[in-house]
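The structure under discussion appears below in the form of structure tokens.
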Amino acid sequence: IISLIVRNYDIQKGQILVDDVDIRKIKMSSLRSKIGQMLQDVFLFSGTIESNIRLRDENITDRDVLSASKYVNADYFIQKLPDKYDELVRERGNNFSSGQRQLLSFARTIVHNPQIMILDEATANIDTETEMLIQESLNKIMNIGTMIIVAHRLSTIQHADNINVMQKGEIIEQGPHQELLKQKGHYYKLYQLQYSDQETKHQGVK
């Protein structure tokens with residue numbers, strides 16, 4: 001579905017509309033310039049932190065990079081590095097933790113001012129502390145544009161306006177978090193399962 005929204009390939013039937021306009025009628029470069037993506041596997045290239053956030057866009061200033069990094073709580077760890085924003089990034093960012101890479105990806109997404117933000121399992125492989133930082137940032141940017149979040153961690157999506165529960169390619173439940181819990185269906189069972197797992201970890205039970 002995410003691939004269809006960004007037109008990695010086009011749908012065979014039906015429509016995908018953005019502001020009531022069929023996306024096939026929108027110039028592809030224009031469509032993609034309005035969409036920011038945070039993926040589960042973050043790609044960082046060799047260079048500096050600053051260059052990875054700016055992505056060679058000369059319209060983005062140093063102040064923009066700093067502002068975006070602070071906004072998503074990435075500045076906190078960047079300021080602790082010896083060279084800060086000039087810190088070298090090795091190939092694929094393997095000198096940073098998965099949480100740090102995700103925060104850099106988040107800053108890179110935000111600095112380009114997307115109107116649609118897609119998070120595709122962006123919190124799947126990160127620690128709880130980083131997830132909390134990302135969640136705090138998401139709460140701040142909810143009013144900027146449309147946010148589409150794909151997640152198995154229900155803590156990432158429970159504040160969404162609308163949740164679509166999918167199984168075998170079909171939507172089986174739909175609605176906000178509290179409403180889905182009241183239905184005591186598939187979503188409720190998933191939530192109970194994850195909640196009990198978290199309680200077990202907190203209690204130190206193996």
- Query: When you go through (1) of a type in the set (S, T, N, Q); (2) in contact with a strand residue (DSSP E or B) (Cβ under 9 Å, 6 or more places away or on another chain); (3) open to solvent by 20 Å² or more (accessible area, probe 1.4 Å); (4) closer than 19 Å to N73 by Cα one by one for T156, which number turns out not to apply?
  - Reply: (3)
- Query: Residues in the range 100-129 that are hydrophobic (A, V, I, L, M, F, W, C) and in a loop (DSSP other than H, G, I, E, B): how many?
  - Reply: 3
- Item | Qualifying positions in the range 66-99 - open to solvent by less than 50 Å² (accessible area, probe 1.4 Å) and outside any loop (DSSP other than H, G, I, E, B) | A68, S69, D75, F77, I78, Y85, V89, G93, S98, G99
- Message: For the list (1) farther than 26 Å from K80 by Cβ; (2) open to solvent by 90 Å² or more (accessible area, probe 1.4 Å), I need the number of the one condition that R63 fails.
- Response: (1)
- Scanning the range 34-52 residue by residue, those open to solvent by less than 20 Å² (accessible area, probe 1.4 Å) and either over 15 Å from the mean Cα position of the chain (by Cα) or over 23 Å from N95 (Cα atoms) (or both) turn out to be G36, L44, I49, N52
- Is one or more of the residues making up the range 81-92 within 19 Å of the chain's Cα centre (by Cα), modelled with pLDDT under 85 and not acidic (D, E)? yes
- Task: Mind listing whichever residues of the range 52-65 are part of a helix (DSSP H, G or I) and in contact with a helix residue (DSSP H, G or I) (Cβ under 8 Å, 6 or more places away or on another chain)?
- Result: N52, I53, R54, D62, D64, V65
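The rows are residues; the columns are (1) of a type in the set (A, V, I, L, M, F, W, C); (2) touching a residue at least 60 places away in the same chain (Cβ under 8 Å).
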{"position": "R92", "(1), (2)": "no, no"}
{"position": "S98", "(1), (2)": "no, no"}
{"position": "F106", "(1), (2)": "yes, yes"}
{"position": "I116", "(1), (2)": "yes, yes"}
{"position": "T130", "(1), (2)": "no, no"}
{"position": "K140", "(1), (2)": "no, yes"}
{"position": "Q158", "(1), (2)": "no, no"}
{"position": "I163", "(1), (2)": "yes, no"}
{"position": "Q178", "(1), (2)": "no, no"}
- Is one or more of the residues making up the range 124-146 open to solvent by less than 30 Å² (accessible area, probe 1.4 Å), touching an Asp or Glu at 6+ places or on another chain (Cβ under 9 Å) and of a type outside the set (D, E)? no
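The values are calculated or read from the model by the stated rules, or taken from the named source; none is laboratory data. All values derive from a computational prediction rather than experimental measurement. Methodologically, a virtual Cβ is constructed for each residue, glycine included, from the backbone with ideal geometry; neighbour enumeration extends over all protein chains shown. Surface accessibility is based on the protein's heavy atoms, side chains included, excluding ligands, DNA and RNA. Shrake-Rupley method; radii C 1.70, N 1.55, O 1.52, S 1.80 Å.
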